[in-house]
Structures are given as C-alpha cells and as structure tokens.
Amino acid sequence: MASEKILNLKKAKVEELSQKMKEAKSFVLADYRGLTVEQDTQLRREMREAGVEYTVIKNSIIRFAAKENGYDGLDEYLVGPTAMAISMEDPVAPSKLLSKFAKQYDKLEIKAGVVEGNILDINGIKSIASLPSREELMAKVVGGLAGPLYGIVNVLNANIRGLAVALNAIAEKKQAEA
C-alpha cells in the first residue's frame, strides 16, 4: 500500500511539472554539484528576485514531464543531479542568471534548456543569455521613439518662440511710434 501512495505522489509531481513546462516561457537544466551553501543561497535569491523558480528535481520526474510535453530530446541531458530554473514571464532570465553564475562559479554547469518550445544545448543557452533583457529592449525602443519626438517639439517651440519675438518687436515698434 505504501508503494501505491508513493507512486501517486510521484504522478502528482510529474503532472505539476508538466503543467509548469507547458506554461513556461523557458526553463534551463543545470548541474549544481560543488556549489557551497552560500553560493546556492545567493543563486536562489537572485532567481527569486528575477521571478524565476529554481528547484532540484529528480531526473525521472523531469523525463516523464518532458515526454508529456514533447521534449524527448532532453533525455540525454538528464544525467547526474539536476536543478531546474523555470520562468513563466521572461524567456531570457533563467539563461542569463545561470550563465552569470556558471561564469562566477566553475562548479555550476548548464546542461540544456527549452526557450519558447525549442530545445537548446549549452551553446544555445549561452547565446540566449547574451541577449539584452526585455526591459533593456523596451528602453531602447522607447528611446528610439522619443528622440524624433523631442526634435519635433523643439522645432515647433522654435517657431512659436520666433513668432513671439516678432510680435513683441512689432508691439515695441508701435509703442515707439505712438
């Protein structure tokens, strides 16, 4: 009876992870062996701040959930301990954070990931990590749009200033004549 209870718990975990995989913008798998508790705590804190869920999950559970979502190509990466960083909002955040920490701490190894439904190896994850964040891209777009608008406002203001100066000069001339 106990094994049936355990089996049901595992099925529930697979269903939960499968649902998260469906809804996620991206997720990245990593081998965390060798990180100190302090390093792991710092990694988890930064993940939380970025809105990324970071957990250690059994490979068998990841494997079943991945198969349910059509990510059979992840099987080859599910060897050894595996941590998973999942983002529901920003497809770049897990890649960026794990790449940053992998550079900082040689012990953290990125295995693979899925971004917008595409399975990527370590090189793909690193190239995604080099992309600017969503906020940076939006700031560039807003800056690009705002530049010409400021120019138009300055041109219109210059015309209004010119008209005001001309009217003022005419008014002064009329007063001088009177």
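What the table below lists for this structure:
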{"quantity": "Test: residue in the range 85-104 that is in the same structural domain as GLN19 (by TED's automatic domain parsing), basic (Lys, Arg) and under 19 Å from VAL14 (Cβ atoms)", "calculated": "no"}
{"quantity": "Residue in the range 68-111 that is farthest from the chain's Cα centre (by Cα), counting only those that are of a type in the set (A, V, I, L, M, F, W, C) and closer than 16 Å to LYS25 by Cβ", "calculated": "MET84"}
{"quantity": "Elements of type strands (runs of 3 or more DSSP E) in the range 25-89, at least 1 residues being closer than 14 Å to ALA112 by Cβ", "calculated": "26-31, 83-87"}
{"quantity": "Every residue from the range 108-124 that is touching a residue at least 24 places away in the same chain (Cβ under 8 Å) and surrounded by fewer than 14 Cβ atoms within 10 Å (Cβ to Cβ)", "calculated": "GLU116"}
{"quantity": "Flag if SER127 is touching a helix residue (DSSP H, G or I) at 6+ places or on another chain (Cβ under 7 Å) and free of Cβ contacts under 8 Å to residues at least 40 places away in the same chain", "calculated": "no"}
{"quantity": "Some residue of the range 132-145 being among the polar types (S, T, N, Q) and loosely packed, with under 13 Cβ neighbours inside 10 Å", "calculated": "no"}
{"quantity": "Scope the range 1-24; condition more than 23 Å from ILE119 (Cβ to Cβ) and surrounded by 13 or more Cβ atoms within 10 Å (Cβ to Cβ); matching residues", "calculated": "LYS10"}
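The values are calculated or read from the model by the stated rules, or taken from the named source; none is laboratory data. None of these values were measured; they are calculated from a predicted model. Reconstructed Cβ throughout: ideal geometry from the backbone, glycine too, with neighbour counts over all protein chains shown.
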